[in-house]
1. For the stretch 30-102, just say rounded, prolate or oblate: build the C-alpha gyration tensor, square-root its eigenvalues into a ≥ b ≥ c, call rounded for a/c under 1.5, and beyond that prolate if a/b exceeds b/c, oblate if not.
2. W395 to S254: FRET efficiency via 1/(1 + (r/R0)^6), r the Cβ-Cβ distance, R0 35 Å, to the nearest 0.05?
3. Two-decimal Rg/Rh of the stretch 59-207 from alpha-carbon positions, Kirkwood Rh?
4. Using helices alone, what [θ] at 222 nm do you get for the chain, with -39,500 (n - 2.57) per DSSP H run of 4 or more residues, divided over all residues and rounded to the nearest 500?
5. Starting from the stretch 60-154, pick out the trypsin sites (Lys or Arg not before Pro) whose DSSP state is loop and whose Cβ has at most 15 other Cβ atoms within 10 Å.
6. With N set to the number of residues, divide the alpha-carbon radius of gyration of the chain by 2.2 N^0.38 Å and report two decimals.
7. Could you check the spin-label model distance between I323 and E371? Points 7 Å from the Cα along Cα→Cβ, value in nm.
8. Treat each spin label as a single point 7 Å out from the Cα along the C-beta direction, and report the R14 to A88 distance in nm.
Amino acid sequence: GHPEIELALVELYRETGEARYLNLATFFIDQRGSGRMRGYGAFGAEYHQDRVPVRQATVVEGHAVRQLYLTAGVTDLYLETGEAALMAAMERLWRDLTAHKMHVTAGFGARFTGEAFGEAYELPADRCYCETCASIAAMMWNWRMLLATGEPRYADLLERSLYNGFLSGVSLDGRHYFYVNPLQSRGGIERPEWYGCACCPPNVMRQIALVVHYAATCDAGGVQIHQYMPTTIRTDGASGPQLAVRVETDYPWSGRVRAVVEETGGPAWTLALRIPAWCGAATLKVNGAEAQSAAGGQYATIQRTWRAGDVVELDIPMAPVFIEPNPRVDAIRDSLCIQRGPVLYCLEQVDQPELDLLDVRVASDALMSAEWRDDLLDGVVTVQLPAYGLEMGDWEDQLYLPADKRPQPAHRVLLTAVPYYAWANREPGAMRMWIPVFRGSPP
């Protein structure tokens, strides 16, 4: 089965203080790499993460959900024991995951066979697996890595999974679910109501119920806000200052965030606000004072003796931008996808009915614009951009032709992109995230 017992045992230890539960979790983790697990079908030991001991692991491999549940459990064990070898292994695996084996949505699992990670840079768009449960498991792991280190990169990746790889797993009506989340579809894919192997639907329900717990943490120095959502953060004073901060925002559609101090007292404390790495820089002001710049990829901190009614205003720019892949990723080389804020975008056939999405090309310097649409997909920001539709000519009846220097004929088109998480909510038509770059002469 999946390595979930380790998570449960560590949590049971936290609740009861009984060392036997922590010892049993350690025992199960220590068995990895000993060859004691029976393979599933024709899969080898890597399918179960049983090829090498946990402390010696250098790559994520095998069944993606199992791997990511295991790393979450190992990180939990580190949080309770402080064993440096465990954290060193987790940092190695996180680097391998994010540098070599992560889809742009923070989806995980390149292969249908074994629901597994592939080789480094093996990241197909149309045949990826990207199981919804894998994104949930990645969020669980990144939350624990954030607790262990305080490093914003883990909160950044949790955010990417939340708004993209995870959220695409459930329909807007909350009644249909994706088990697999492709980044390209030629049509005919829609969310079923249920599955024979029904791990994803209840996992989605649980994750939505607890997502507010990812918003903030507190320590002896103050409060750290990691994810922006409307909520009120209250501390009881047991491990730091007693306070209440109300967060007001329309994030992720707007980058404006207001944090209002409702209750406070005593000495100075620090409010830390995550500035996402994707934004470059944000602006920050307190009680309307002159705005200060805050660099992306870090926490902006404000230490002061707070008073009830103090207001912090954070403004994170959210212009749409193109994202390009590592040139070693064969499947999507020379292609671009669209991101606005933490949300990634896709093209759906229903929004450009006169075009075959296989024929769409885009210029890397195309000027994009964003528009709020409350009449579409329960309210979303769409992105419009000029692009090109190829004139197929001789290619209509040919798969291969001699290469030449002639420019590919094309005509200008205007595209509408919608958030990836919302695709397949209107019709099971074609969809693509990665758009090839136009290499011809503009018509």
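No lab work stands behind these numbers, since they all come straight from the coordinates. Bear in mind that the values here come from a model prediction, so they are computed numbers and not experimental data. With ideal geometry, Cβ positions are generated from the backbone for all residues, glycine too; neighbour counts draw on all protein chains shown.
1. Values: a/c = 2.04, a/b = 1.33, b/c = 1.53.
Taking the square roots of the gyration eigenvalues as a ≥ b ≥ c, the stretch 30-102 is oblate.
2. Details: r = 43 Å, r/R0 = 1.24.
FRET efficiency, W395 to S254: 0.20.
3. With Rh from the inverse mean 1/r over Cα pairs, Rg/Rh is 0.97.
4. -7000 deg cm²/dmol
5. Qualifying residues, ordered by number: R127.
6. Compactness ratio reported: 1.05.
7. 2.4 nm
8. 2.6 nm
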